[in-house]
1. To the nearest whole number, what is the average tally of beta carbon atoms from other chains within 10 Å of the beta carbons of peptide A:74-85?
2. Could you list A:103, A:145 in order of exposure, starting from the residue whose Cβ has the fewest other Cβ atoms within 10 Å?
3. Taking each residue of A:95-103 in turn, how many C-beta atoms of other protein chains fall within 10 Å of its C-beta, and what is the average?
4. Inside 10 Å of the C-beta atoms of B:168-180, what's the mean count of C-beta atoms belonging to other chains?
5. With each label point set 7 Å from Cα along the Cα-Cβ vector, what nm distance links residue B:141 and residue A:186?
6. Calculate how steeply helix B:112-128 sits against the longest principal axis of the alpha-carbon atoms of chain B, using the helix alpha-carbon long axis, and give the answer as 0 to 90 degrees to the nearest 10.
7. For chain B, find the longest principal axis of its Cα atoms and tell me its angle to the long axis of helix B:29-41, 0 to 90°, nearest 10.
8. By average Cβ neighbour count within 10 Å, what is the ranking of A:196-203, B:42-49, A:180-187 from highest down?
């Protein structure tokens, strides 16, 4: 019975990891279509969908937000993924309008490192502080996206794709975070946190 | 399964009508169709109608009646004053700014009075953007009639979708879904407004 339960847990862990990967892949899927992109329409839905997944540091940080939300539980579970796109849109608007921010790229690397460590050590901060921290990071992520926005951007389709991709990455993190209910799953989550932190360190050093 | 079949059938039937437009037997009906589809061609209006509809839907049927009355009355007032602002502003930053003002009410599931004010503001702004380009009075009236017929139905459609979600979810999840949806709409409007200002 015990063996069966352990096997059952392993199977569920594998299923959840695969589903989280699938969500991340759906967000990244338009990358494959870039080879045949009509660049006259670079500013559309696909461009918006692709943008958050183009940079690995962006990608892992957004998944880590979902993971950290899962660790903190309700209400942070949904408040963090609400805060991040909202503040990121404000940062994006600053970038689009040409408002300068200093040390944007290092701040993004630091955000990945910090979020990774928070997940790896399962740090539980008060919800308000978590929201402020995530919001602070989101400004830099949004600013970087805003300044890199294609000139021909179709506002509606681009913004729609951008927000949907961000949401899918958070969702991937939250879904991966459901592994926390099993001891072995918690170690997988911690491992993901370490990987995210390492990506952050790599971007900071390189 | 039935719940999927009916909307799919409806969508197919609506799509099927397209080839028939070329041979419309009723003079002026094309203008009515143009008006009917107009709200779907202005992204800011889609977002604003979504905010109003979802807010009312997530709050429940009880609130829908006074809010719907406020919405339709202000829609008519807005349409009457449709030439008071430049056309670019009405189709561009005005509905987006209205979304920035009203979406927090959806995120925080505002009370009844605020929801009615949001419905009135939404109706007013969408109405402003619904007056067709100047032309023969008959053509303008037919196109406007199409828009004014479609807009309340679109808003009520969003409200019905939200009500359906609310009815199926545990009460604690309703606020979460409303908050996430509102935040996404607000984020989209913020980015769009920045892009609008850059252009």
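1. Numbers: counts 2, 4, 0, 1, 7, 4, 0, 5, 10, 1, 2, 8.
Counting other chains' Cβ atoms within 10 Å and averaging over A:74-85 gives 4.
2. Numbers: A:103 10, A:145 24.
Starting with the residue having the fewest Cβ neighbours, the order is A:103, A:145.
3. On the way: counts 2, 9, 5, 1, 1, 0, 0, 0, 0.
Other-chain Cβ atoms within 10 Å of each residue's Cβ, averaged: 2.
4. What the average comes to for B:168-180 is 2.
5. Here the modelled spin labels are 7.4 nm apart.
6. The helix B:112-128 is inclined about 20 degrees to chain B.
7. Once rounded, one gets 30 degrees.
8. Values: A:196-203: 20.2, B:42-49: 25.0, A:180-187: 13.9.
So the peptides A:196-203, B:42-49, A:180-187, ranked by packing, come out B:42-49, A:196-203, A:180-187.
Read-outs: derived from the displayed coordinates by stated rules, not from any lab. Computed from a prediction, not measured in an experiment: that's the story for all the values here. All Cβ positions, glycine included, derive from the backbone under ideal geometry; neighbour counts span all protein chains shown.
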